[in-house]
Amino acid sequence: MLRELHISGLGVIDDLDLPLHPGLNVLTGETGAGKTMITVGLSLALGARASSSLVREGASAARVQALFDVTAASPDATSSLEDWAEDGDVLLARAVPVEGKGTARIGGQIATASALTTLGASLVEVHGQHQSQRLLEPAVQTAFLDRFAGDEHLDAVVAYREAFEALRATTVALERLQVAARDRERELDLLAYQVREIEAVSPQAEESERLAAEEARLGHVERLLEAAGTAEAALGGDDGAADALGVTARALDDAGSLDATAGELASRSATMAIEVAELARDVRSYRESLAPDPQRLQQVRERVGALKALQRKYGETDADVVAFMSEASARLAELAGADERIVELEQAAAALDERLTAHAAIVTSGRAGASRRLSAAIRRELEELGMPGAVVDVALEPSAKPGPTGAERVELLFAGGPEVSPMPLAKGASGGELSRTMLACRSVLADLDDVPTLVFDEVDAGIGGRAGLAVGRRLARLARDRQVLVVTHLPQIACFADRHVRVTKEHGTAAVELLDGGERVRELSRMLAGLDESASAVSHAEELLSEAEKVKATA
């Protein structure tokens, strides 16, 4: 439940602390005193849209803090609250500056406004004049009926939605393939040509480098033969380097018998003579491998030309060209299988359509049964709220084709009496009737959720007298199991309060005062007659309080 609300710099509120009671909390006061601004502040703490126009003149920012006791939260809500709770409390805070971006915090930690909305949804449900309009929307009415139908029906709705989304995704994929068929054929032709062109050459990695070396050797074979012959003669010919080193080694070997130093030189000369002899043999082998081959040279040059032609189109290197062919082949295989994919998607779409039809029938059946029960439940609530004979029919209008929420459109139809034809709720209900219908709907849902705090702003719009007492009784009954906060102008509602708060405004600044005993009587007198000292109004106020206590004692 909401334990305390602190607001500063918001509209007519300079700095305000509001402690709240577990049961029925009622805010009263003159028009413009700031009652609704308190619920606006709470809505900001719950992640509502913010505007700098809300900031009080002269203040740098509007700030709101809402402290919740979550020790008695439902198991479902506890899982989302436990990460933020401290000693059983959760603090939601919001700051809206005159300039710049606002901030949000949960438990002192920086958060987003959407995080406040998500967390706040499990703590508070606000019903104001703007929020009441939501029930006039077909989508909200559909969700209302589904929620009333129960968990098993909600599971069926989820299954339907999953089937609908699966069918939509499959249909989109199928349409894309069908629309792209012409482009696919053009791409197929181009890819097939490219793959054939590359396959005809069949380049290998680093082949261009190897061929360049071979082309250089074949293209200069005459010069290479001449150089190799000269080198061979210098090394292994008569009086060549090999012979000279042999003579040197033998001479130094003879000298080595006389001088050890000469022996070392002889050893080195012998080693060099052996190496030069081996070099001479290698040069001879190299020369013998060289042979003019114009035919091979032509083949190499043609191959190099073919590889360069591919590189100009498909990549800088042989490896790039090979990679391009691999990707093109994969894409070609993918496109070539598109027709098969179309057939697969057509079959899948047909199966999903059958599945969707089956789920839609289950959802429709569940809604049909629940619509009668919901209509009866709302009718009972409306009778208790002083609207005997009023009817809310839940109409199911079949759709031309299944949509995201089902195969029908749900609409609440209202009739103020048996002689009146039911009309859409937005057209058939007056302001007062609509307010009470909203409360009736919320009362029907009371046993279907675990939201601990309910806020009603201007639920008394357009009603008074006996209808006000009926609304007060219903709010008091709701407050038995959860916290209820009501902003009202009606004494017939305020008399049921477990905590009565009067909002006043002096010098343009709102203030709150907890009322008890005689103060409550005076406030109810003011609300009844506009005078807080009228004897008849005081008597009537005391009578209202006495009647309210009896109702609450027997509820």
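Results for (1) at pLDDT 95 or above; (2) open to solvent by 60 Å² or more (accessible area, probe 1.4 Å); (3) not in a helix (DSSP H, G or I), shown as yes or no for each residue.
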site	(1), (2), (3)
Ala358	yes, no, no
Val363	yes, no, no
Arg367	yes, no, no
Arg372	no, yes, no
Ala376	no, no, no
Arg379	no, yes, no
Glu383	no, yes, no
Gly386	no, no, yes
Val392	no, no, yes
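Tell me yes or no: at least one residue of region 42-57 is surrounded by fewer than 16 Cβ atoms within 10 Å (Cβ to Cβ), among the β-branched types (Val, Ile, Thr) and within 22 Å of Gly508 (Cα to Cα).
Within region 42-57 (the criterion being surrounded by fewer than 16 Cβ atoms within 10 Å (Cβ to Cβ), among the β-branched types (Val, Ile, Thr) and within 22 Å of Gly508 (Cα to Cα)), the answer is no, since none of the residues qualifies.
Looking at region 440-532, what helices (runs of 4 or more DSSP H) fall wholly within it and have at least 2 residues that are small (Gly, Ala, Ser) and closer than 18 Å to Glu542 by Cα?
Hits in region 440-532: 465-478, 518-529.
When residues of region 470-505 are filtered for being over 23 Å from Glu4 (Cα atoms) and over 40 Å from the mean Cα position of the chain (by Cα), how many remain?
Within region 470-505, residues that are over 23 Å from Glu4 (Cα atoms) and over 40 Å from the mean Cα position of the chain (by Cα) number 6.
Listed here are the residues, each with its yes/no results for (1) within 15 Å of Gln141 (Cα to Cα); (2) at pLDDT 90 or above.
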| residue | (1), (2) |
| --- | --- |
| Ser399 | no, yes |
| Gly406 | yes, yes |
| Leu425 | yes, no |
| Arg436 | no, no |
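Could you please find all residues in region 374-402 being in contact (Cβ under 8 Å) with a residue 60 or more places away in the chain and either in contact with a Phe, Trp or Tyr (Cβ under 6 Å, 6 or more places away or on another chain) or on the phi < 0 side of the Ramachandran plot (or both)?
Leu374, Ala377, Ile378, Glu381, Glu384, Leu385, Met387, Val394, Pro402, listed by residue number.
Only one of these conditions is not met by Ala72: (1) touching a residue at least 12 places away in the same chain (Cβ under 8 Å); (2) over 28 Å from the mean Cα position of the chain (by Cα); (3) open to solvent by 30 Å² or more (accessible area, probe 1.4 Å); (4) within 29 Å of Met527 (Cβ to Cβ). Which number is it?
All conditions pass for Ala72, except number (4).
Is there a residue being at pLDDT 90 or above and in contact with an Asp or Glu (Cβ under 9 Å, 6 or more places away or on another chain) anywhere in region 92-103?
no
Residues in region 418-439: is at least one of a type outside the set (Phe, Trp, Tyr), crowded, with 20+ Cβ neighbours inside 10 Å, in a loop (DSSP other than H, G, I, E, B) and touching a helix residue (DSSP H, G or I) at 6+ places or on another chain (Cβ under 7 Å)?
yes
Do you know which residues across region 317-338 are open to solvent by 40 Å² or more (accessible area, probe 1.4 Å) and within 16 Å of Gln204 (Cβ to Cβ)?
The answer is Thr317, Ala319, Asp320, Val322, Ala323, Phe324, Met325, Ser326.
Limited to region 402-417, what total is found for residues that are open to solvent by 40 Å² or more (accessible area, probe 1.4 Å) and among the β-branched types (Val, Ile, Thr)?
Residues meeting the conditions: 1.
For the list (1) open to solvent by 80 Å² or more (accessible area, probe 1.4 Å); (2) out of contact with any Asp or Glu (no Cβ under 9 Å at 6 or more places or on another chain); (3) not aromatic (Phe, Trp, Tyr), I need the number of the one condition that Ala306 fails.
(1)
Among the candidates Ala291, Ala277, Ala273, Ala336, which residue alone is of a type in the set (A, V, I, L, M) and under 23 Å from Tyr193 (Cα atoms)?
Going through Ala291, Ala277, Ala273, Ala336 in turn, the sole match is Ala336.
Given the residues His21, His6, which is the only one that is open to solvent by 50 Å² or more (accessible area, probe 1.4 Å) and more than 14 Å from Gly102 (Cβ to Cβ)?
Among His21, His6, only His21 is open to solvent by 50 Å² or more (accessible area, probe 1.4 Å) and more than 14 Å from Gly102 (Cβ to Cβ).
Has region 269-290 got at least one residue that is acidic (Asp, Glu) and either surrounded by 14 or more Cβ atoms within 10 Å (Cβ to Cβ) or under 30 Å from Ala200 (Cα atoms) (or both)?
no
Looking only at helices (runs of 4 or more DSSP H) that fall completely inside region 84-156, which ones have 1 or more residues that are touching a Gly at 6+ places or on another chain (Cβ under 7 Å)?
Where helices (runs of 4 or more DSSP H) fall fully within region 84-156 and carry at least 1 residues being touching a Gly at 6+ places or on another chain (Cβ under 7 Å), they are 113-120, 138-149.
Which of the residues spanning region 500-555 are touching a strand residue (DSSP E or B) at 6+ places or on another chain (Cβ under 7 Å), farther than 18 Å from Val484 by Cβ, charged (D, E, K, R) and touching a residue at least 40 places away in the same chain (Cβ under 8 Å)?
Passing the criteria: only Glu523.
In region 498-520, what residues are in contact with a Gly (Cβ under 8 Å, 6 or more places away or on another chain) and among the aliphatic types (A, V, I, L, M)?
If the condition is that a residue be in contact with a Gly (Cβ under 8 Å, 6 or more places away or on another chain) and among the aliphatic types (A, V, I, L, M), then Val503, Ala510 are the ones that fit.
Evaluate region 359-376: report whether one residue or more is in contact with a Pro (Cβ under 9 Å, 6 or more places away or on another chain) and of a type in the set (D, E, K, R).
No, region 359-376 contains no residue that is in contact with a Pro (Cβ under 9 Å, 6 or more places away or on another chain) and of a type in the set (D, E, K, R).
Among the residues of region 514-546, write down those that are open to solvent by less than 90 Å² (accessible area, probe 1.4 Å) and among the acidic types (Asp, Glu).
Glu519, Glu523, Asp532 - these are the residues of region 514-546 that are open to solvent by less than 90 Å² (accessible area, probe 1.4 Å) and among the acidic types (Asp, Glu).
Any residue in region 446-458 that's open to solvent by 20 Å² or more (accessible area, probe 1.4 Å): show its pairings with residues that are at pLDDT below 85 and among the hydroxyl-bearing types (Ser, Thr, Tyr) at Cβ separation under 7 Å, as long as the two are six or more apart or on different chains.
Here the result reads Asp450/Ser74, each pair linking region 446-458 to a residue that is at pLDDT below 85 and among the hydroxyl-bearing types (Ser, Thr, Tyr).
If you take the residues in region 181-204 that are free of Cβ contacts under 8 Å to residues at least 60 places away in the same chain and over 26 Å from Glu340 (Cβ atoms), which one is farthest from the chain's Cα centre (by Cα)?
Ala200
What about Thr112, is it within 22 Å of the chain's Cα centre (by Cα) and either more than 21 Å from Leu485 (Cβ to Cβ) or of a type in the set (Val, Ile, Thr) (or both)?
yes
The values are calculated or read from the model by the stated rules, or taken from the named source; none is laboratory data. None of the values given here were measured: they were computed from a predicted structure. Note that we place each Cβ from the backbone using ideal geometry, even for glycine, and neighbour counts take in every protein chain shown. All accessible areas refer to the heavy atoms of the entire protein, side chains included, with ligands and DNA or RNA removed. Shrake-Rupley method; radii C 1.70, N 1.55, O 1.52, S 1.80 Å.
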